[in-house]
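Participant: Next up is a structure, given as structure tokens.
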Amino acid sequence: MSAATHGHGTPTDNIKQQQLMSKTTTTIRLIAAAAVAAIMAACGNHQKGDGGNSGDSSRQTAVMSPFVRINIDSAMALVSIRDNATEKKMPNRLFYGKGDSAEVEKLSPEGSVPSSVSCFIIETQGKRALFDTGVGKANGGVLMDRLKSLGIKPESIDYIFITHFHNDHTGGLTDNGKAAFSRAQLYVPEAEYAYWAGAGGKGSTAIKAVGAYGNRLHRFGYGDKLPLGVKPMAAPGHTPGHTVYIAGRVMIMGDLFHGLPLQIQDLNLCADYDMDRTKAIESRNKYTLMAVHNGMMAAGMHFFGTGMVDFKMNERDMELKSFEHNLPKR
């Protein structure tokens, strides 16, 4: 049963649902440490130049690649692009909160957590949709350079969907004050726009950036129909209008996670960037469970490696089958 459509049900049904969700969360936590250790070892081997066999080499390339294109199915492809030019890590102290420092240090003994600034493109129905735009070239972002390497021209982007208005997601919308994507229709959550428009100077940069798109700017509600069948879903907490998008089997998670290898071991750990910790925890648990229950591929703007995680189910239980999406052999 999908965590998003469980309905009200009888008291017995609700108890069973709660037990299943609790069991799923426990399963994720139990296997997360082993999964993280395996992937971190792969990263380490790659950095040391240990090629291994052809299967291992393919996986290590996936971990380190600045951009990856994979076929989700016969009608959709997903492109993951790292906007950061150099290695990015989140320090442990970012997740301490008011009383989590001991747990964080135990779960992340290295002292920091691998991360990234990533953007994603969905290719389907002969169109391209870009999800978030990174920090922008003026701030060191390399999205445009990597689009060029992929043979993707900015004017070939048909739609842009923004998860929220922080600068590492909207910074690439403009170049010298003008829209960087000359043909794109820009879609932003009304809840996010309204908050930052009323936040005075704190929101002025983002409001100005989206405003550069003029009549190509669309402010949507969560019941609105968006192009290409993309479904927006409210995921408040990180920001008031933070939004998750679902396209087919892909879930664009935005900033539900900032340090995936750490936070997947305890979904209640928050980064200091989360504006409302309680709501952030609720959203992170809700959509992680939804991805697990529905066997979805999750794409996160701060996931490390390829930026993609494949959530799958085995025959006996819900389980995080693989942390790093296994690329098809070329």
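The values are calculated or read from the model by the stated rules, or taken from the named source; none is laboratory data. Nothing here was measured: the structure is a model prediction, and the numbers come from that model. Quick reminder, even Gly has a Cβ in these numbers, built from the backbone with ideal geometry, and neighbours come from all protein chains shown.
Participant: Every residue in the range 292-330 that is among the aliphatic types (A, V, I, L, M), modelled with pLDDT of 85 or more and under 17 Å from Met76 (Cβ atoms), please. Working first, answer last.
Facilitator: As a first pass, look at the range 292-330 and keep what is among the aliphatic types (A, V, I, L, M): 292, 296-299, 301, 308-309, 313, 318, 320, 327.
Within this subset, residues satisfying the condition of being modelled with pLDDT of 85 or more are 292, 296-299, 301, 308-309.
Met296, Met297, Ala298, Ala299, Met308, listed by residue number.
Participant: Please specify each residue of the range 90-122 satisfying the condition of being assigned to a strand (DSSP E or B) and either buried (at least 19 other Cβ atoms within 10 Å of the Cβ) or within 16 Å of the chain's Cα centre (by Cα) (or both). Don't jump to the end; show me each part of the working.
Facilitator: Residues of the range 90-122 that are assigned to a strand (DSSP E or B), as a first pass: 90-91, 112-115, 118-122.
Met90, Val113, Pro114, Ser115, Ser118, Cys119, Phe120, Ile121, Ile122 - these are the residues of the range 90-122 that are assigned to a strand (DSSP E or B) and either buried (at least 19 other Cβ atoms within 10 Å of the Cβ) or within 16 Å of the chain's Cα centre (by Cα) (or both).
Participant: Quick check on my filter: what residues within the range 126-148 are in contact (Cβ under 8 Å) with a residue 60 or more places away in the chain, assigned to a helix (DSSP H, G or I) and either out of contact with any helix residue (DSSP H, G or I) (no Cβ under 8 Å at 6 or more places or on another chain) or among the β-branched types (Val, Ile, Thr) (or both)?
Facilitator: Arg146
Participant: For the range 50-88, give me each residue that is in a strand (DSSP E or B), at pLDDT below 95 and not aromatic (Phe, Trp, Tyr).
Facilitator: Step one: list which residues in the range 50-88 are in a strand (DSSP E or B), which gives 67-73, 76-82, 88.
Now restrict to residues that are at pLDDT below 95: 67-73, 88.
Matches in the range 50-88: Val68, Arg69, Ile70, Asn71, Ile72, Asp73, Lys88.
To keep it simple, each residue is scored yes or no on (1) within 19 Å of Gly300 (Cα to Cα); (2) buried (at least 20 other Cβ atoms within 10 Å of the Cβ); (3) within 17 Å of the chain's Cα centre (by Cα).
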residue: Gly151; (1), (2), (3): no, no, no
residue: Ile157; (1), (2), (3): no, yes, no
residue: Phe161; (1), (2), (3): yes, yes, yes
residue: Gly201; (1), (2), (3): no, no, no
residue: Thr205; (1), (2), (3): no, no, no
residue: Val210; (1), (2), (3): no, yes, no
residue: Lys225; (1), (2), (3): no, no, no
residue: Val230; (1), (2), (3): yes, yes, yes
residue: His238; (1), (2), (3): yes, yes, yes
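Participant: Can you tell me which residue in the range 75-89 is surrounded by the fewest Cβ atoms within 10 Å (Cβ to Cβ), limited to those that are under 15 Å from the mean Cα position of the chain (by Cα) and among the aliphatic types (A, V, I, L, M)?
Facilitator: Here the residue is Val79.
Participant: Against the definition (touching a helix residue (DSSP H, G or I) at 6+ places or on another chain (Cβ under 6 Å), farther than 25 Å from Met76 by Cα and at pLDDT 95 or above), how does Ala197 come out, yes or no? Steps first, answer last, please.
Facilitator: Values: touching a helix residue (DSSP H, G or I) at 6+ places or on another chain (Cβ under 6 Å): yes; farther than 25 Å from Met76 by Cα: yes; at pLDDT 95 or above: yes.
In short, yes.
Participant: Also, I was wondering about something else. Filter the range 123-149 for residues that are hydroxyl-bearing (Ser, Thr, Tyr) and buried (at least 22 other Cβ atoms within 10 Å of the Cβ) and give the result. Quick ask: steps written out before the conclusion?
Facilitator: Our first condition is that a residue be hydroxyl-bearing (Ser, Thr, Tyr); within the range 123-149, this holds for 124, 133, 149.
Within the range 123-149, Thr133 is the sole residue that qualifies.
Participant: Only one of (1) at negative phi; (2) modelled with pLDDT under 90; (3) surrounded by fewer than 24 Cβ atoms within 10 Å (Cβ to Cβ) fails for Leu289. Which number is that?
Facilitator: For Leu289, the failing item is (2).
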